[in-house]
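Report on the following structure.
None of the figures in this text is laboratory data; all of them are computed from the coordinates on show. In this text the structure is predicted, and so the values were computed from the model without any measurement. No Cβ is skipped: glycine too gets one built from the backbone with ideal geometry, and neighbour counts run over all protein chains shown.
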Amino acid sequence: MYLCYILYSKTLNRYYVGSCTAPLKERLRRHLANHKGFTGKTKDWEVVYTESFGSKAEAYSREREIKSKKSRKYIEWLIASGGA
């Protein structure tokens, strides 16, 4: 199973969109670990939305589609419509 997911940080009041093949718990743990990437800025990320796909390519394509909208309003609509 492959996932496209959205994380939210209350501290930053920002969303992060990603995709993964690993179990989501493990991926979240890596986001919360100390590193220099965008999600390394804070440790309060939580999963607020997920979509499942049959292939890595489909999950990545959906990630790119969500990011291409460049819209917080769209992300919040997705979350309100269902998911995680």
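Take the residues in the stretch 30-77 that are part of a loop (DSSP other than H, G, I, E, B) and touching a Ser or Thr at 6+ places or on another chain (Cβ under 6 Å), then tell me which one is surrounded by the fewest Cβ atoms within 10 Å (Cβ to Cβ).
The initial filter retains those residues of the stretch 30-77 that are part of a loop (DSSP other than H, G, I, E, B), namely 33-37, 42-44, 54-55, 70-71.
Checking which are touching a Ser or Thr at 6+ places or on another chain (Cβ under 6 Å) leaves us with 42, 44.
Details: Thr42: 14, Asp44: 11.
The residue in question is Asp44.
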Q | Tally, over the stretch 31-53, of residues that are touching a Leu at 6+ places or on another chain (Cβ under 7 Å) and free of Cβ contacts under 8 Å to residues at least 24 places away in the same chain | A | 1
Q: Take the stretch 1-43 and flag every residue that is touching a Phe, Trp or Tyr at 6+ places or on another chain (Cβ under 9 Å), over 21 Å from Ser81 (Cβ atoms) and among the charged types (D, E, K, R).
A: Arg27
Q) Can you pull out the residues in the stretch 54-81 that are more than 14 Å from the chain's Cα centre (by Cα) and touching a residue at least 12 places away in the same chain (Cβ under 8 Å)? A) Gly54, Ser55, Lys56, Glu58
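Of everything in the stretch 12-29 that's part of a loop (DSSP other than H, G, I, E, B) and of a type outside the set (S, T, N, Q), which residue is farthest from Met1 (Cα to Cα)? Please lay out each step first, then the result.
The first filter runs over the stretch 12-29 and keeps only residues part of a loop (DSSP other than H, G, I, E, B), leaving 12-13, 21-23.
This time we only want the ones that are of a type outside the set (S, T, N, Q), so: 12, 22-23.
Details: Leu12: 30, Ala22: 9, Pro23: 9 Å.
It comes out as Leu12.
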